Amino acid sequence: MRFQDSNTQAKQPSVAEQRARQQALAQEERDEELARQADAKAATRRKILIGSGVTVGLVGLVATFYAVAKPAGEVTAVCTDSNGIVQGDDNCDETYVTSHGGYSQGGFLFLPIGGGGYNSYRYNYGGSGNIGQRVSGGSFDAPSSRTNVNTKSGKSVQRGGFGISGKSGGTGGSGTDGKSGGS
């Protein structure tokens, strides 16, 4: 039928056609509901992903802070004379040196000896040896300020900082007397 005149009335749908239309409408509603659920799930997934990224970033930031803030390690300081021979810890203690007429300058401590001269002493960091032996290994350069430095006798070697020592010029010494030393 290609042509209907304006007087022709539309035929009522059959029961099967009505059922098919109802099923199509119901299917359309289910599809819309599934699409809404999928959108909500995707939004939740995005929020979780963003939250996870923020968490990972914060954990990385905190880990970096702790890596920078924690001491780099521990080093043992050995007191040596100008020839690299291990001496007693007192010779590198600024309080001991100054109380015996000595002085400190540029990381070296000078103690007077008979005949008017001075013996110089300084720390070797990381070296080993017994008193009277040549120091083995280590370095005369002070380690980073993040490194804990202790002598064999257990004294902590304090280094640097503003207001640590009231003296101008060089540094030297050890102990917990608040004096600067060894750097």
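Below are the figures for this structure:
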read-out	value
Charge tally in the Cβ shell below 12 Å around residue 131, where Lys, Arg are +1 and Asp, Glu are -1, residue 131 excluded	-1
Simple label model, 7 Å out from Cα along Cβ direction - residue 74 to residue 113, nm	3.4
Burial order of peptide ranges 120-129, 32-41, 8-17 (average beta-carbon count within 10 Å, highest first)	120-129, 32-41, 8-17
Computed E for residue 38/residue 18 - FRET, C-beta separation, R0 41 angstrom, nearest 0.05	0.85
Phi to ³J(HN,Hα) by Karplus 6.51 cos²θ - 1.76 cosθ + 1.60 over region 13-22, Hz, x for Gly, Pro	x, 6, 4, 5, 5, 5, 4, 5, 5, 5
Long-range amide H partners of residue 140 with built H, under 5 Å	125
Relative packing of peptides 135-145, 73-83 - highest average C-beta neighbours within 10 Å first	73-83, 135-145
Theoretical gain in end-to-end length, residue 29 to residue 10 [0.36 nm per residue, Cα-Cα removed]	4.1 nm
Whether region 16-111 is rounded, prolate or oblate, judged on the alpha carbon gyration tensor where a/c under 1.5 counts as rounded	prolate
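Taken together, the values in this text are just the output of simple stated rules run on the coordinates, not laboratory data. Nothing here was measured: the structure is a model prediction, and the numbers come from that model. With ideal geometry, Cβ positions are generated from the backbone for all residues, glycine too; neighbour counts draw on all protein chains shown.
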